[in-house]
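For reference, the structure is listed below as structure tokens.
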Amino acid sequence: MSLTDILRRSVDDIWSKIFRHPFVIELYRGSLPINKFRFYIIQDYNYLVTIYKCLSLIAAKSDPDIAEKALEIAYIDASTEMMNYRELINRLGLSMDE
């Protein structure tokens, strides 16, 4: 059994609760109210922005090998995720300032 399997099994109860959460169920069924979805998208976008800032701080304070990897992760993720979020935010009629 791999470490991943061991760790995953150790949180089975939490894992199943996540999939039974009303937000996830409504999102899956397509019945999530648009205002809840908009709020989620804004919060998730802000989370991503913060993660990229954190990765940049890690890079600034790390040895060159770790810095390179942190910046690589941030760049690869940001170049796709942020573009997708900006497009979705525009489609939902939201502003980047929200």
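Could you pull out the residue among Lys61, Lys53, Lys69 that is of a type in the set (Lys, Arg) and surrounded by 14 or more Cβ atoms within 10 Å (Cβ to Cβ)? Only one candidate qualifies: Lys69. Among the residues of the range 31-39, some residue qualifies, meaning at least one is outside any helix (DSSP H, G or I) and of a type in the set (A, V, I, L, M).
Please pick out the residue among Thr80, Thr50 that is modelled with pLDDT of 90 or more and under 19 Å from the mean Cα position of the chain (by Cα).
Working: Thr80 fails: modelled with pLDDT of 90 or more.
Just a single option satisfies the conditions, and that option is Thr50.
Applying the condition of being exposed (fewer than 13 other Cβ atoms within 10 Å of the Cβ) and assigned to a helix (DSSP H, G or I) to the range 21-30 and asking which residue is farthest from the chain's Cα centre (by Cα) yields Arg29.
Against the test of being in contact (Cβ under 8 Å) with a residue 40 or more places away in the chain, in a helix (DSSP H, G or I) and either on the phi > 0 side of the Ramachandran plot or of a type in the set (Asp, Glu) (or both), the options Asp5, Asp13, Asp44 yield a single qualifying residue, Asp44.
Just to be sure, is Ala74 in contact with a Ser or Thr (Cβ under 9 Å, 6 or more places away or on another chain) and modelled with pLDDT under 90?
Yes: the conditions hold for Ala74.
Yes or no: the range 87-97 includes at least one residue that is under 21 Å from Lys36 (Cβ atoms), in a helix (DSSP H, G or I) and basic (Lys, Arg). Within the range 87-97, one or more residues are under 21 Å from Lys36 (Cβ atoms), in a helix (DSSP H, G or I) and basic (Lys, Arg).
Scanning the range 57-82 for residues that are closer than 25 Å to Ile42 by Cα and of a type outside the set (Ser, Thr, Tyr) returns Leu57, Ile58, Ala70, Leu71, Glu72, Ile73, Ala74, Ile76, Asp77, Ala78, Glu81, Met82.
The values are calculated or read from the model by the stated rules, or taken from the named source; none is laboratory data. Predicted model, so just to flag it, every value in this text is computed and none were measured. Because the Cβ atoms are built from the backbone with ideal geometry, glycine has one as well, and the counts that use them run over all protein chains shown.
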